[in-house]
Each structure stands twice: as structure tokens, then as C-alpha cells.
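The values are calculated or read from the model by the stated rules, or taken from the named source; none is laboratory data. The structure presented is a predicted model; accordingly, all values stated were derived computationally and were not measured. Neighbour counts are summed over all protein chains in view; Cβ atoms, including those assigned to glycine, are modelled from backbone coordinates with ideal geometry. Accessible surface areas use protein heavy atoms only, side chains included; no ligands, DNA or RNA. Shrake-Rupley method; radii C 1.70, N 1.55, O 1.52, S 1.80 Å.
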Amino acid sequence: KRVDFFFDVVCPYAYIASQQIEALAQKNNAQVRWVPVLLGGIYKSLRSAQYPSSNWNASKQRQGLKDLVNEAARKQIPLNYPKNHPQKTVNAMRLLTMCPSEQLPKLAQRLYRAYWVESLPMSDSVLNTIAQEFNLAHDIFLQDDAKQNLFRNTEEAVKHGVFGVPSMIVDGELWWGQDRLHFVEQALGGSSSTEPPSIL
């Protein structure tokens, strides 16, 4: 079986899910199809607010951040919440669409680490440095193909009912959120009723 994993580097919950999805799939003899999308593009297509949490009151924002930090700690996933979040990740996501499929998971993890652990800016210079680590061409994320690839991925996500990230699809059924991964595991044939283990 296969799980389609729709993600954007900007989302901390997608980051948490990204640290678990491969181990979950391997445990159940499944494959992961990593699908980089533009979260802002999904929101735009659905006419949603670009930053939904910006409409939360201060108390809810504090609680949301506390829950996020606790979730990462519980899963032993390193998290250094960046002061400049949210950043625009359009070029980062375009970079991912230009990566060979066999390297895509590793590049995604590298970008997640840059954003959520190292607190690096998603600037063109940082992206080019990371691209060089993967033998990708300078400014490859500025090519027309990169723009079209990301647009198509985002369009595919919306077509399948994706309204946020992380979103996972197995056999046409959609789950949203890192806290639904145990349902994804069941859809892949797993019998565990508990949440899957995390990997670093």
C-alpha cells in the first residue's frame, strides 16, 4: 500500500508528522509518497485565512504553542520554535519539487531541520546552500518547472479535499493532523491502536 503525505515546511505539525511517517509506513510494508504543497495556496483556493491562528485570542495562542511544544517533547522530536515564524516557504517547497523522488524525504527533513531546529531563514541563500548539499543546481527553485510543479501538487491536494497539512491519503481516504497517524496506520493494515513511534 501507499500513503500520500501532503506537507509544507512552514507547518510545525507537519514537521512532527514528518518525523514519524516513514517508520509507520515501513512497519506496515507500505510506501510514502511525499507531496510538497503550498499551504498558503491551499488556503487561497479555499478562501481561508492565510494564518488561521492569527485570529485566535492570546490565551488560545499560548495554549496552542504549549501543546505543540509538549507534543514534540513527548515524541522526543527536537523543536526550537523560531521567532520569525511564519516565514514564506514558497521557494523551499518549489525546491522540493525539483528533487529526485529518492532524495525527496531527506531534503524535506533537511529543510524541516533548518526551519524548526536551526531557526534559519528560508532565504534564497540558505536554500541554495541546502540545494548544493543535494547536488541541485543554483537557483533551481526559481525555474518555471519548479513553479508549475508546486502549483500542480497544490492543485492535486485541493482536488482530493486537503484543507491543511499534514494530510495523509490512503486508498482515497483522507486524514488531517499529526494526531491522526494511528488511523493512517490502521488504514495501512496495522493493528496497533496506539500512536506510532517517532524517529529522529
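A few points about this structure:
- Residue in the stretch 168-184 that is over 17 Å from residue 32 (Cα atoms), under 16 Å from the mean Cα position of the chain (by Cα) and of a type in the set (Phe, Trp, Tyr) present: no
- Condition check for residue 107: at pLDDT 95 or above, out of contact with any strand residue (DSSP E or B) (no Cβ under 6 Å at 6 or more places or on another chain), surrounded by 14 or more Cβ atoms within 10 Å (Cβ to Cβ) and not in a helix (DSSP H, G or I): no
- Among the residues making up the stretch 1-30, a single one is polar (S, T, N, Q) and under 25 Å from residue 148 (Cβ atoms): 18.
- Apart from one condition, residue 174 fits all of (1) hydrophobic (A, V, I, L, M, F, W, C); (2) farther than 22 Å from residue 106 by Cα; (3) in contact with a helix residue (DSSP H, G or I) (Cβ under 8 Å, 6 or more places away or on another chain); the exception is (3).
- Annotation note: Cβ proximity below 6 Å between a residue of the stretch 174-192 that is within 13 Å of residue 16 (Cα to Cα) and a residue that is open to solvent by 20 Å² or more (accessible area, probe 1.4 Å) (sequence gap 6+ or interchain) occurs for 178/13.
- Between 96, 107, 46, the distinction of being in contact with a Cys (Cβ under 6 Å, 6 or more places away or on another chain) and closer than 27 Å to residue 156 by Cβ belongs to 107 only.
- In the stretch 140-173, the residues that are outside any helix (DSSP H, G or I), buried (at least 16 other Cβ atoms within 10 Å of the Cβ) and among the hydrophobic types (A, V, I, L, M, F, W, C): 162, 165, 168, 169, 170
- Filtering the stretch 36-95 to residues that are surrounded by 14 or more Cβ atoms within 10 Å (Cβ to Cβ) and aliphatic (A, V, I, L, M) leaves 37, 38, 39, 42, 68, 72, 77, 79, 90, 92, 93, 95.
- Of the residues making up the stretch 120-139, those that are in a loop (DSSP other than H, G, I, E, B), over 16 Å from the mean Cα position of the chain (by Cα) and farther than 19 Å from residue 100 by Cβ number 3.
Yes/no matrix, rows are residues, columns are (1) in contact with a Lys or Arg (Cβ under 9 Å, 6 or more places away or on another chain); (2) under 19 Å from residue 42 (Cα atoms); (3) at pLDDT below 95:
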position	(1), (2), (3)
115	no, no, no
121	no, no, no
131	no, no, no
146	yes, yes, no
157	no, yes, no
163	no, yes, no
187	yes, no, no
199	no, no, yes
